Ligand code: GTP
């Protein structure tokens, strides 16, 4: 079974983190986000993944190669953004039987095998996974008949229109027939155009409702942060969920005076100096150097980051290759890759662009 994953977007809402790192490659528990998605697909029998080649796709090609965990990996060029439907149509020549199609910024533990079984039993041309949300008004709702046939889509519903809490989970099973409903070479949306055409033509188009599984759309900074925390705490339970408490990577050295509380993941080959306190939930990437008496609380730190003596990092995201001068305090901030600060630099609620040197 093949799966097509849409990764052609620019990830503007996750800037500045996505200036030099594609959204799909942003680390979640020290592994690219999209690798968690592919692992879930492989667990449900997918043996070929097709990525639409987008913003900084070379990084994905380097990570996955041509075969990843026994699964064939193919990248398809998209000369200019074709939208969600156009991106799928662009891969038509690779997809001649039933396939999964996924938004590349959604992670879920949806039972894809059960979804496929339903798709087959209904002889559907398309099946959409639906997931419940607490506040449906911000989303496009999907209304269904009793037998799960899709009745209609309601975009940005008014309060009196809210008859369901189920939204499109960005995970589909499609038959090649769906290609007939997408114009080639044009920027089109599967949600707003293709699916409406299937309803217009009364094609067998069903919902797969999954109220139990974990689901997250990692489209913005808060959701990215939340996904890391949910993985660490086990709220998102999947093959990557670590044991509770401290998880220390190979070759990482910790002084005996280091204190770690809560759920923490430290990557490999890190050095953690005397007096450091790490108060989870915290993720620290590979090859980081945490100097004396630093404090890290409720934060996500990527690879090769240097924290100098007495630094405090609170509720922040620090991307690769940053160096924070001694005695600095970061709170509620997002630092893209390669940021440097002089000592005693205080930063609150800020977003810092790649390569910036911050000095007092
Ligand atoms: P924002 O710029 O922050 O909205 O992010 P985005 O560019 O990723 O857009 P959005 O979140 O709406 O996209 C949902 C999914 O569709 C993501 O996985 C995108 O990579 C993908 N996507 C969006 N536009 C395109 C496109 O033009 N082509 C392809 N192939 N994929 C797309």
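Sort out which residues of the range 32-68 are touching a helix residue (DSSP H, G or I) at 6+ places or on another chain (Cβ under 9 Å), surrounded by fewer than 18 Cβ atoms within 10 Å (Cβ to Cβ) and not in a loop (DSSP other than H, G, I, E, B), and write them in order of number.
Passing the criteria: 43, 48, 59, 63, 68.
I need the full set of residues from the range 69-85 which are on the phi > 0 side of the Ramachandran plot and assigned to a loop (DSSP other than H, G, I, E, B), in order please.
Across the range 69-85, the qualifying residues are 69, 70.
Taking the criterion of being assigned to a helix (DSSP H, G or I), closer than 21 Å to residue 218 by Cβ, assigned by TED's automatic domain parsing to the domain that holds residue 127 and within 18 Å of the chain's Cα centre (by Cα), would at least one residue in the range 86-106 satisfy it?
No: the range 86-106 contains no residue that is assigned to a helix (DSSP H, G or I), closer than 21 Å to residue 218 by Cβ, assigned by TED's automatic domain parsing to the domain that holds residue 127 and within 18 Å of the chain's Cα centre (by Cα).
Taking residue 243 as meeting all but one of (1) part of a loop (DSSP other than H, G, I, E, B); (2) within 20 Å of the chain's Cα centre (by Cα); (3) closer than 20 Å to residue 286 by Cβ, write down the number of the exception.
Condition (2) is where residue 243 drops out.
Quick check on the range 19-29: of everything there that is surrounded by 22 or more Cβ atoms within 10 Å (Cβ to Cβ) and in a loop (DSSP other than H, G, I, E, B), which residue is nearest to the ligand (Cβ to nearest atom)?
Taking the candidates together, the pick is 22.
Select from the range 154-180 the residues that are buried (at least 22 other Cβ atoms within 10 Å of the Cβ) and either more than 23 Å from residue 138 (Cα to Cα) or over 26 Å from the mean Cα position of the chain (by Cα) (or both) and list them in ascending order.
Scanning the range 154-180 gives 173, 174, 178.
With the requirement that a residue be touching a residue at least 24 places away in the same chain (Cβ under 8 Å) and not in a strand (DSSP E or B), what does the range 197-218 give you?
198, 199, 203, 204, 210, 211, 213, 214, 218
Read through the list (1) modelled with pLDDT of 95 or more; (2) within 15 Å of the ligand (Cβ to nearest atom); (3) buried (at least 23 other Cβ atoms within 10 Å of the Cβ), then give the number of the only condition that residue 92 fails.
Of everything listed in (1) modelled with pLDDT of 95 or more; (2) within 15 Å of the ligand (Cβ to nearest atom); (3) buried (at least 23 other Cβ atoms within 10 Å of the Cβ), residue 92 misses just condition (3).
Which condition number in (1) within 25 Å of residue 111 (Cβ to Cβ); (2) at pLDDT below 90; (3) surrounded by 12 or more Cβ atoms within 10 Å (Cβ to Cβ) is the one that residue 126 fails?
All conditions are met except number (2).
The values are calculated or read from the model by the stated rules, or taken from the named source; none is laboratory data. Just so it is clear, the model here is predicted, and its values are computed rather than measured. Virtual Cβ from ideal backbone geometry, glycine too; neighbours counted across all protein chains shown.
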